[in-house]
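Contents: one structure, followed by commentary.
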Amino acid sequence: MRFLRGHRVLPVILLCVLLLIPGCWSGHELTDQLIVLGVGLDKVGDQVRLTIQGIRPEAAISTASSPSGSGGSEQPPFSLVAAKGDSVQEALQKITRRVPRFIYGGHNQVFFIGESLAREGIMPYLDLFARSQWSQEAAWVVIARGGTGQELLTTTNLVAKYPSMGLAETVRAHQVDIPTLFQFLLHYHEDSGAQILVSAAAVKNQTAPPGYQMEQLRLQPNAIFQGDKLKGYLDDSDGEAYAWLKYGFQGTRFSFPVSALPGAPVLGVSLSSAPAEFRILSTPDLGVGVEVNCNFSVTEDIPSPLNSPAAIRALENRLDQTLSQRFSLLFAHLQADQADVFNLAEKVHAYHLALWEKDKGRWPEVYAQLPVEITVNCHFRHSGVMSKYPGFKE
Amino acid sequence: MQPGKLSKRQVMGLLLPFVLSTDVLMIPGAPLELARRGAWLSSLLATFLGVGLTFFIVKLVSWQPRLRVTERFRRLLGRGPGTITGLVFTLFIFFSYILVIREGSELVRISFLPDTPLDVITAGLTLVSMYGALLGMEAVSRFNILVFPFFLLSFILLFLAALSHPEWTNLWHPLQSGIGCVIAGAFAPLSWLGELVVIVFLIPDLSPGEQGTPFFLFFVTLGAGCLMTLNIVTIQISLGWGLGQFYTFPILQVGRSLFSRESLRGLDVLIMTLWVMGVATKLSFLLYYGLHEICHIFRVRNMKSLILPGGLLFQVLSLTSMDSVKELEYVTRYLAPFLALGTYEGIIPILLFPLILRYLKKEGGV
């Protein structure tokens, strides 16, 4: 090291270190990549079919730069490649051999999982992605209701160029909460092991005039999972009620009749709240307390019922009752399915250890019998820029 | 470097990342696997026991603080046994170097550069550590002062981010798996906390006014223990023990899951970069003092001439001594702790304690 004394070689060593530290090894040019946006997983016979939807960057660039926006080509700017195999790895290997590009998974947005595969159990097929260094755990897990993951990857929508990106835009615009692969793993390891995943189906907007009936993904939080297996679906009403309890109302628009009488006028409200609070009651028997506190504003009232404080209180009570009924129905269905999707098992475990130790082996049966006490407190806040129905005239 | 050049603050700044840069990466997996919900309690227990170990270390170094390690042992145990003990300490320092270089490289490879050959990453870290050893601890500690605040901040940041969706109930009933599991889970964190014993190498370089009473070591042990516990709590409230135990680097997964969307994307990389810098500092420390002591034992005058062959040898050993990251995980979590605590971190300082008391009595120091 004597020669280093003059420190002439030090900058060279430093430069060598700098070259090595960033680790830019085997780089791939953008145009040599197939950037994965969505992955479809389906069961076909005894094999798994892997479908990859990827952007061809050069196609995306030419589409963006063309004046018409179409790029002068009728081809979609994304590629769809699929292969079957005994494992996901084998199918991926086949795709890799077939596609003369580097398949980059770091931007994957979603896993669309076919229903038949979901019923069999999805963990063995997500294993490869959960271990991936490309942060695939941030991608959404969506179940293709009554169909295949591949079908959902081919959904064409005029507004969204890529189906997977269209999903991302829908999620951002409508504040939809879709569990990610990481969240799925997290809930899988919870005491209850049950959770609700989002299902999707490609539907056409039939009410639009011909030529404008865009295909779109209809997302609903209704796929009941026990462990890694799909057990069934909640109906639309229950799915909505589940999302309200789990994620809060988040500006939900909701209409309900102002009274129980037939033909009663319908009132539109916009609700916001934090997620519901769950408590385990133990006096005298084990039970569940669910508390929902929400604020609402009136968005549509025909005719205006809000002409006095008493009318407001009556409306609040009516909304409390309506929501309570919805939540009670949801719990009745969940208990019938023995699906503890709110992970009440964890609360019993944490707050009543002796009871948990006694009953953990038969928790689904215990859960099915738990009395549920639902408390909803709705508070009226405002009615937009008008205090009364604009058609009101004395 | 001339002895007595490092201030107390610089030494504290060196020792905290020294312990934490490796203690927070692979080690939390051990208490999570063994103590389950009681992982945080294992970490607290390790901190408590670590303070006890620090007492013996403080006693060991506060006696004749200007002496180098081997010289100290020669005075205490006689020439032959003292030299062997000094050599054992030095070899453990190299053992630690080999483990840490592999651990830091695996962190980079598994998480960020999967296609880059491991040789290249270990070579990068080795070169940095060699350069650090060449410059000496004074330069390394000055560099460390720049990184240290951000290094500490990363723990706080991760914890605060974990507070967005905390599952506090994951911390409850820590003794559910039994006190035996909590104790078993404490060994790995304790052994990496016990690495503070490297102060025996560093103490002659501490400024003379602070050599006699290195009580700040208690503060370092407590600080490192608390941050380690905070790290495990962050993992538990974010991943739970069930999922947390599956990851090779659980805290990295916490960072990834918390910073995976939108504007925060990539923040985990920044945090990991800081930790890799902590690892590089630690490696420089280990290489510098290990070679320094080897030179002292074998009477080699120019320590710098050993940096290149030494660094290369240890890099090769780090690559060849363990085939896979699973082996490394096993060694760092379940083998090295017992080996280290059974020798230079625990048993030797404890056994030397009566001898030091005897000497102090002779010198009228008690």
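The values are calculated or read from the model by the stated rules, or taken from the named source; none is laboratory data. Being a predicted model, the structure only gives us computed values, none of them experimental. For neighbour counting, all protein chains shown are included, and Cβ atoms are generated from backbone atoms with ideal geometry for every residue, glycine included.
Details
- B:Ser177, sole failed condition from (1) within 11 Å of another protein chain (Cβ to nearest Cβ); (2) surrounded by 17 or more Cβ atoms within 10 Å (Cβ to Cβ); (3) touching a Lys or Arg at 6+ places or on another chain (Cβ under 8 Å): (1)
- Residues that are in a helix (DSSP H, G or I) and more than 9 Å from chain A (Cβ to nearest Cβ) were ranked within segment B:245-261; the one that is modelled with the lowest pLDDT is B:Leu258.
- Residue check for B:Asp119: touching a Ser or Thr at 6+ places or on another chain (Cβ under 6 Å), within 14 Å of chain A (Cβ to nearest Cβ) and surrounded by fewer than 22 Cβ atoms within 10 Å (Cβ to Cβ): no
- Filtered residue count, segment A:376-389, keeping only those that are touching a helix residue (DSSP H, G or I) at 6+ places or on another chain (Cβ under 8 Å) and either outside the structural domain of A:Ser282 (by TED's automatic domain parsing) or surrounded by fewer than 16 Cβ atoms within 10 Å (Cβ to Cβ) (or both): 2
- Pairs are defined by a Cβ separation below 8 Å, a sequence spacing of at least 6 or placement on different chains, a first member in segment B:1-24 that is over 20 Å from B:Leu135 (Cβ atoms), and a second member that is modelled with pLDDT under 85 and buried (at least 16 other Cβ atoms within 10 Å of the Cβ); the pairs so defined are B:Lys8/B:Glu210; B:Val24/B:Trp275.
- Boolean, A:Phe129 is within 14 Å of chain B (Cβ to nearest Cβ), touching a residue at least 12 places away in the same chain (Cβ under 8 Å) and over 20 Å from the mean Cα position of the chain (by Cα): no
- Some residue of segment B:163-186 being in contact (Cβ under 8 Å) with a residue 40 or more places away in the chain and farther than 29 Å from A:His352 by Cβ: no
- Only residues that are more than 18 Å from A:Trp134 (Cβ to Cβ) and of a type in the set (A, V, I, L, M) were counted in segment A:95-114, giving 1.
- With respect to the conditions (1) under 23 Å from B:Thr248 (Cβ atoms); (2) in contact (Cβ under 8 Å) with a residue 60 or more places away in the chain, B:Leu312 falls short on a single one, namely (1).
- Selection status of A:Gly6, modelled with pLDDT of 90 or more and of a type outside the set (D, E, K, R): no
- Segment A:357-372, subset surrounded by 13 or more Cβ atoms within 10 Å (Cβ to Cβ) and in contact (Cβ under 8 Å) with a residue 24 or more places away in the chain, residue nearest to the other protein chains (Cβ to nearest Cβ): A:Lys360
- For segment B:274-286, the criterion of being part of a helix (DSSP H, G or I), crowded, with 18+ Cβ neighbours inside 10 Å and among the hydroxyl-bearing types (Ser, Thr, Tyr) is satisfied by at least one residue.
- Hey, A:Gln195 surrounded by fewer than 22 Cβ atoms within 10 Å (Cβ to Cβ) and either out of contact with any Ser or Thr (no Cβ under 7 Å at 6 or more places or on another chain) or at pLDDT 95 or above (or both) or not: no
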